[in-house]
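Here is the structure we will look at.
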Amino acid sequence: MAESEIQDDHTWLAAFMSQAWANDDEYAAGIAHSINKSWGAVNDFYAAADALCTDADESWSLPIYGGRPVPHSADADPSDPPLMLLEPAGVSQAAQFLTTVSFDELWNVVGARFSDLGWARQEYLEHHRDLEEFYGQAASAGHAVVKAVWA
């Protein structure tokens with residue numbers, strides 16, 4: 001969403017994310033994305049980019065965990081999820097990473113380990129394509145990305 005529309009308030013963002021989670025239209029329009037149950041493993045998959053990159057840039061972390069934490073306010077519901085806000089510059093960096101990293105090279109580095117855990121290459125490829133499209137659209141629009149981690 002446009003950074004100017006975001007309230008930097010955990011309670012407001014938690015309500016916004018809950019509404020976005022319930023709205024299937026946003027997923028169909030490509031303005032929302034979720035990784036159910038395997039988000040930590042998807043992050044580990046992208047961490048393999050560290051072995052592929054020769055520079056000190058840690059942009060691989062942006063698609064999953066990137067962004068700054070939004071702290072709970074004193075009156076926030078303690079059951080609200082942890083939230084992160086990735087500003088437009090970070091969104092562009094994540095989009096660039098996702099379009100330049102080779103999925104096949106990443107899979108060659110870590111695929112055997114993930115296959116042993118029962119996660120299929122196709123599942124990761126679909127996450128990669130979805131994230132590439134999501135971040136590409138958000139970067140093109142100059143938007144920020146809000147992330148919620150529900151347990």
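The values are calculated or read from the model by the stated rules, or taken from the named source; none is laboratory data. All figures in this text were calculated on a predicted structure; none of them were measured in a lab. When we count neighbours, we look across all protein chains shown, and the Cβ atoms used for this are built from the backbone with ideal geometry, even at glycine.
Enumerate the pairs (first residue in segment 133-145 and at negative phi; second residue anywhere and at pLDDT 90 or above and of a type in the set (D, E, K, R)) with beta-carbon separation below 9 Å, excluding pairs fewer than 6 apart on the same chain, so at least 6 apart or on different chains. Final answer for the pair search is Ala144/Glu87; Val145/Glu87. Applying the condition of being aliphatic (A, V, I, L, M), over 29 Å from Asp80 (Cβ atoms) and at pLDDT 85 or above to segment 106-151 and asking which residue is surrounded by the most Cβ atoms within 10 Å (Cβ to Cβ) yields Leu106.
Quick one: would you say Ile6 is surrounded by 13 or more Cβ atoms within 10 Å (Cβ to Cβ), at pLDDT below 80 and either more than 22 Å from Gln96 (Cα to Cα) or touching a helix residue (DSSP H, G or I) at 6+ places or on another chain (Cβ under 7 Å) (or both)? Here the answer is no, as Ile6 does not meet what is asked. Pairs meeting the criteria (first residue in segment 102-126 and farther than 12 Å from Ala48 by Cα, second residue in a loop (DSSP other than H, G, I, E, B), beta carbons under 9 Å, at least 6 apart or on different chains) are Trp119/Ser38; Glu123/Ser38; Tyr124/Ser38. For segment 99-120, the set of residues classified as closer than 26 Å to Ala139 by Cβ and either in a helix (DSSP H, G or I) or within 16 Å of the chain's Cα centre (by Cα) (or both) consists of Thr99, Thr100, Val101, Phe103, Asp104, Glu105, Leu106, Trp107, Val109, Val110, listed by residue number.
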